[in-house]
Ligand SMILES: [Zn+2]
């Protein structure tokens with residue numbers, strides 16, 4: 001990798017997170033070594049590989065992944081940069097197009113993503129500092145992604161939900177105080193006096209050329225190389241979303257600034273839709289939904305008992321039919337319901353053949369529901385064995401069975417009446 005011309009080793013985005021573009025020199029440009037092609041699965045289209053180049057620049061405003069903060073996105077002379085990392089002191093940009101070595105390129109950061117990261121990351125410093133001070137709960141790790149930001153706290157004692165409420169309250173108080181956020185760079189090669197409010201430790205002498213500290217005036221100092229806002233006022237607000245248990249530690253999921261506002265907007269939009277649907281105020285939503293859930297449980301019970309009653313009545317009526325072969329189509333039935341009808345019918349007349357069908361409830365109402373469906377053929381075993389296969393083939397039946405019962409799906413229920421002569425013939429043949 002080429003040497004970096006940056007005297008301090010810090011990129012422009014680390015010196016000043018508000019610089020959105022700069023001109024930098026291309027120190028090297030190499031194609032990304034091709035990953036072995038993935039074997040396409042049967043029927044799967046072969047993926048076209050996106051050409052990517054590793055472009056090393058003298059400096060950058062696109063933050064390289066590190067310290068828990070994901071890489072920024074951006075462009076080099078208009079070509080997309082999807083990732084930046086720092087390798088052996090060099091800022092390596094994964095770029096969609098090659099760049100000429102020695103040329104000057106315009107580097108632009110995707111500011112929306114960057115500012116969101118600045119808000120979430122500085123919010124993390126604030127919540128970690130407050131949790132440490134109020135609850136003796138040091139931060140052991142943190143995560144930031146497009147949807148998700150959290151800190152994992154390792155409290156010395158218990159950390160209750162009301163304590164986290166207090167942390168949120170205090171963090172917002174710090175935001176209202178609009179505390180200044182500064183970057184301090186210490187010489188990493190010499191012993192430094194411990195700054196006031198230091199959270200965590202300074203790295204051992206000699207391990208870093210420079211130690212970059214982020215200071216929230218009057219609240220916190222922490223070694224960090226990420227991008228931050230210059231005043232807590234720019235965080236606008238911090239909202240804890242939930243608390244999770246993380247193997248004995250406490251994970252606090254939160255949202256800051258733009259994310260908190262956008263969450264609030266989507267919550268309100270959803271709430272307004274629910275208000276319209278339920279025709280009641282938001283304060284009554286919970287009560288109304290609880291009642292609906294209870295009502296639904298009651299309805300399901302009632303439908304079940306009425307269905308059983310209906311199946312019994314229908315089955316008895318079919319059993320009383322003078323004919324030895326009974327064909328019946330039941331609207332809105334499933335297989336258990338057809339089975340209940342058949343059981344009730346067989347109790348009245350076990351010697352008859354019953355061919356029951358119902359439309360497929362999964363087929364939308366505007367389609368021909370009476371074509372696709374389910375069937376059940378029951379009766380004396382020898383009769384079902386004799387005529388079953390040819391009977392169900394008439395309705396395009398798939399499925400099987402034994403012991404006087406066949407059941408399954410059918411694709412041509414329109415022909416169900418044509419099953420009658422086949423079953424009657426078997427009945428006559430075996431009754432002789
Ligand atoms: Zn930081």
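Every read-out reported here was derived from the displayed coordinates using simple, explicitly stated rules and does not represent laboratory data. What you see is a predicted model; the values in this text were computed from it and never measured. Every residue, glycine among them, receives a Cβ derived from its backbone with ideal geometry; neighbour counts consider all protein chains shown.
Between residue 321 and residue 411, take the C-beta separation as r, use R0 = 22 Å, and let me know the FRET efficiency to the nearest 0.05.
0.20
Under 25 °C and 0.890 mPa s, how fast does the range 308-431 diffuse according to Stokes-Einstein, given a Kirkwood radius computed over C-alpha pairs? Answer in µm²/s, whole number. Don't skip to the end; give the middle numbers.
Working: Rh = 14.1 Å.
D = 174 µm²/s.
Please work out how much length the chain gains when fully extended from residue 209 to residue 389, using 0.36 nm per residue of separation minus the C-alpha to C-alpha distance, in nm with one decimal. Don't jump to the answer; show the numbers that get you there.
Working: separation 180, 0.36 × 180 = 64.80 nm, distance 8.38 nm.
Separation in residues times 0.36 nm, less the Cα-Cα distance, equals 56.4 nm.
Rounded to the nearest 0.05, what FRET efficiency do residue 140 and residue 230 have when you use their Cβ-Cβ distance and R0 = 25 Å?
Details: r = 27 Å, r/R0 = 1.09.
In this case the efficiency is close to 0.35.
How big is the range 163-243 by Rg and Dmax over its Cα atoms, in Å?
So, for the range 163-243, Rg and Dmax equal 14.7, 42 Å respectively.
Once every DSSP H run of n ≥ 4 in the chain is given -39500 (n - 2.57) and the sum is divided by its residues, what mean residue ellipticity at 222 nm do you get, rounded to the nearest 500 deg cm²/dmol?
-11000 deg cm²/dmol
Run the quick spin-label model on residue 430 and residue 286: label points 7 Å from Cα toward the beta carbon, then report their separation in nm to one decimal.
With each label point 7 Å from Cα toward Cβ, the separation is 6.3 nm.
Checking a compactness column here: for the range 194-293, what do you get for Rg(Cα) / (2.2 N^0.38 Å), N being the number of residues?
The reported ratio for this selection is 1.70.
Contour minus end-to-end for residue 402 and residue 104, with contour as 0.36 nm per residue of separation and end-to-end as the Cα-Cα distance?
Using 0.36 nm per residue and subtracting the Cα-Cα distance, I get 99.2 nm.
Starting from 0 in steps of 5 Å, tell me what percent of the Cα-Cα pairs of the range 274-358 lands in each bin.
Percent of Cα pairs in each bin: 3, 14, 19, 15, 10, 7, 7, 7, 7, 6, 4, 2, 0.
Could you tell me the convex hull volume per residue, in Å³, taken over the Cα atoms of the range 94-188? Intermediate values should be presented prior to the final figure.
Numbers: hull volume 17.6 nm³, N = 95.
Once divided by residue count, the hull of the range 94-188 is 185 Å³.
Using only Cα atoms, tell me the angle between helix 111-135 and the longest principal axis of the chain; keep it within 0 to 90° and round to the nearest 10.
The answer is roughly 80 degrees.
With the crude spin-label approximation of a point 7 Å out along Cα→Cβ, what separation in nm comes out for residue 156 versus residue 197?
A separation of 2.2 nm, rounded to one decimal place.
Given labels modelled 7 Å from the Cα in the Cβ direction, how far is it in nm from residue 165 to residue 351?
In this crude label model, residue 165 to residue 351 measures out at 7.7 nm.
How high is the FRET efficiency from residue 247 to residue 299, r the C-beta distance, R0 41 Å, rounded to 0.05?
Numbers: r = 43 Å, r/R0 = 1.05.
For R0 = 41 Å, the calculated efficiency reads 0.45.
What does the C-alpha gyration tensor say about the overall shape of the range 213-363? Classify as rounded when a/c is under 1.5, otherwise prolate if a/b is larger than b/c, or oblate. Could you put the intermediate results ahead of the total?
Details: a/c = 4.64, a/b = 3.44, b/c = 1.35.
Prolate.
At each listed q (0.08 Å⁻¹), what is the log10 of I(q)/I(0) that the Debye formula gives for the chain modelled as equal alpha-carbon point scatterers?
Log10 I(q)/I(0), no solvent term: -0.72.
Kirkwood Rh, Cα Rg: Rg to Rh for the range 115-265?
0.97
Quick one: angle between helix 381-394 and the longest Cα principal axis of the chain, in degrees between 0 and 90, rounded to 10, please.
60 degrees
Can you give the angle from 0 to 90° between the axis of helix 161-176 and the longest principal axis of the chain, with both taken from C-alpha atoms, to the nearest 10?
For 161-176 against the chain, the angle is about 50 degrees.
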